[in-house]
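Report on the following structure.
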Amino acid sequence: MRRLKCEKETIILTNEDDGFYDVYTFNQSLQKRLRSFAEKYPDDCWLKGSSEDGSETYMIRKGRLSLNLRPPYSKDRIHKATERIIEEQKEQSKDS
């Protein structure tokens, strides 16, 4: 049975007593990254299991996984970037 996209979750579980994260995911890109990491560092990360529907679960040592929170860009930064893009497009059209 095929799953809907909204059913294909990534879940990171842990508790304060355990030294590992349990990462359950359908995300192919994340699976690839975890697989590569597990091959390089088998003491810190390993495949716990996989399912026929495409999910994989990895165990990864705490301290090896981080979440990066990025604030949104300011309106000024967006405006300056847009101006640079427009100028670059103008320069490219002149060169053509």
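List the GluC sites (Glu not before Pro) within region 28-71 that DSSP assigns to loop and that have no more than 12 neighbouring Cβ atoms inside 10 Å.
Values: sites: GLU39, GLU52, GLU56; in loops: GLU52.
In loop regions of region 28-71 (DSSP not H, G, I, E or B), the sparsely surrounded GluC sites (Glu not before Pro) are GLU52.
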Legend entry - Helix-only mean residue ellipticity at 222 nm for the chain, each DSSP H run of n ≥ 4 adding -39500 (n - 2.57), per residue, nearest 500: -12000 deg cm²/dmol
Legend entry - Cβ crowding within 10 Å averaged over residues, with 66-73, 28-35 ranked highest first: 28-35, 66-73
Legend entry - Where the chain is the region considered: accessible area per residue in Å², 1.4 Å probe: 88
Inset, instruction - Return a single number: how many Lys pairs in the chain, at a sequence separation of 8 or more or on separate chains, have alpha-carbon atoms below 28 angstrom apart. - result: 15
Inset, instruction - Find how much the distance from ARG35 to ILE78 grows on full extension, using 0.36 nm per residue of separation minus their present alpha carbon separation; answer in nm with one decimal. - result: 11.9 nm
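The values are calculated or read from the model by the stated rules, or taken from the named source; none is laboratory data. Note that the structure is a prediction, hence the values are computed from the model and not measured. Quick reminder, even Gly has a Cβ in these numbers, built from the backbone with ideal geometry, and neighbours come from all protein chains shown. Keep in mind that these areas ignore ligands, DNA and RNA; they rest on the heavy atoms of the full protein, side chains included. Shrake-Rupley method; radii C 1.70, N 1.55, O 1.52, S 1.80 Å.
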